[in-house]
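Each remark here refers to the structure printed beneath this line.
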Amino acid sequence: RKEVEQDPGPFNVPEGATVAFNCTYSNSASQSFFWYRQDCRKEPKLLMSVYSSGNEDGRFTAQLNRASQYISLLIRDSKLSDSATYLCVVNGGRAGRRALTFGSGTRLQVQP
Amino acid sequence: SQTIHQWPATLVQPVGSPLSLECTVEGTSNPNLYWYRQAAGRGLQLLFYSVGIGQISSEVPQNLSASRPQDRQFILSSKKLLLSDSGFYLCAWSEWAGGDTQYFGPGTRLTVL
């Protein structure tokens, strides 16, 4: 089983749509959770951290369910500029607590 | 503010040639440093991480090595490249005593022919 699993997509949605991505992780000891965004042929960039109580940053909402080891990202009112690959990331794993384990990413394509 | 640099940006090397990729961080002290590789269409694979000068942990057996000769300098090397070494190499840093958030450099795209 992969340490972090994501639906690879692609998700093709029209502008203005709401889209949700899900992620599951296997390490129950993980304490830090993130969503990163990666544009084609670029480095990953932090989109937002994910907190236990859930958190929102503008059009983006992240949720964490520790009991189910499940993380979600909701994007409202999608923009063309949201087209990218979204990486689910948790800390811990084989390399220890400070290492981050990345999912393979979910590709989003927002269409006009 | 902190910045992270990597060079070169792109590299084309023949099989069997040596490799040296460099990463430097500015604006912070004693960062944790990481090397990742991303093969085409794949996720990020952690190769090495370092919590201090001269301290390197290797995550996967391979023909690559890493060194940290200075606090904010991290180098990825190989004596003889293989075709399978092609990929996008990313350096990242995180605060030594802070949270787990990692920040990535712009990456080096390596093609081994």
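The values are calculated or read from the model by the stated rules, or taken from the named source; none is laboratory data. Since the structure is predicted, the reported quantities are computational estimates derived from the model, not experimental observations. When we count neighbours, we look across all protein chains shown, and the Cβ atoms used for this are built from the backbone with ideal geometry, even at glycine. Areas reflect the complete protein model, heavy atoms only, side chains present, ligands, DNA and RNA absent. Shrake-Rupley method; radii C 1.70, N 1.55, O 1.52, S 1.80 Å.
Straight distance only, please: which lysines reach the Cα of A:Lys79 with their own Cα at less than 18 Å, same-chain residues fewer than 8 apart left out?
Partners within reach: A:Lys45.
Per the Cauchy relation, a quarter of the hull surface: what is the mean projected area of the convex hull of the alpha carbons in region A:1-97, in nm²?
6.5
If the convex hull of the alpha-carbon atoms of the protein assembly as shown is projected onto planes in all directions, what is the mean projected area in square nanometres? Don't skip to the answer; put the middle values down first.
Values: hull surface 50.4 nm².
Over all viewing directions, the protein assembly as shown projects a mean Cα-hull area of 12.6 nm².
If every alpha-carbon in region B:4-59 counts as one equal scatterer, what log10 I(q)/I(0) does Debye give at q = 0.20, 0.28 1/Å?
So the normalised log intensities work out to -0.98, -1.29.
Taking 8 Å as the Cα distance limit and 6 or more residues as the minimum spacing, I'd like the relative contact order of region B:3-56 as a percentage.
28
Amide H of B:Ser86 versus every other amide H placed in the peptide plane: which residues, excluding those fewer than 5 positions away on the same chain, fall under 5 Å?
So B:Ser86 has HN proximity to B:Val112.
Hey, got the dipole for the protein assembly as shown? About the Cα centre, +1 on K and R Cβ, -1 on D and E Cβ, debye to the nearest 20?
460
At a 1.4 Å probe, what is the % contribution of carbon and sulfur to the accessible area of the protein assembly as shown?
Roughly 51 percent, rounded to a whole number.
In region B:1-82, with Lys and Arg counted as +1 and Asp and Glu as -1 at Cβ, which of these residues, B:Val12, B:Cys23, B:Leu33, has the Cα nearest the positive end of the dipole, that is, farthest along it?
The listed residue farthest towards the positive side: B:Val12.
Among A:Val13, A:Val89, A:Val50, which one shows the biggest mean-square fluctuation in a GNM of chain A, springs joining Cα atoms closer than 10 Å?
With Cα springs under 10 Å in chain A, the top fluctuation among A:Val13, A:Val89, A:Val50 is at A:Val13.
More than 20 angstrom separation, counting every C-alpha pair in chain B; what % is that?
More than 20 Å apart: 35 percent of the Cα pairs in chain B.
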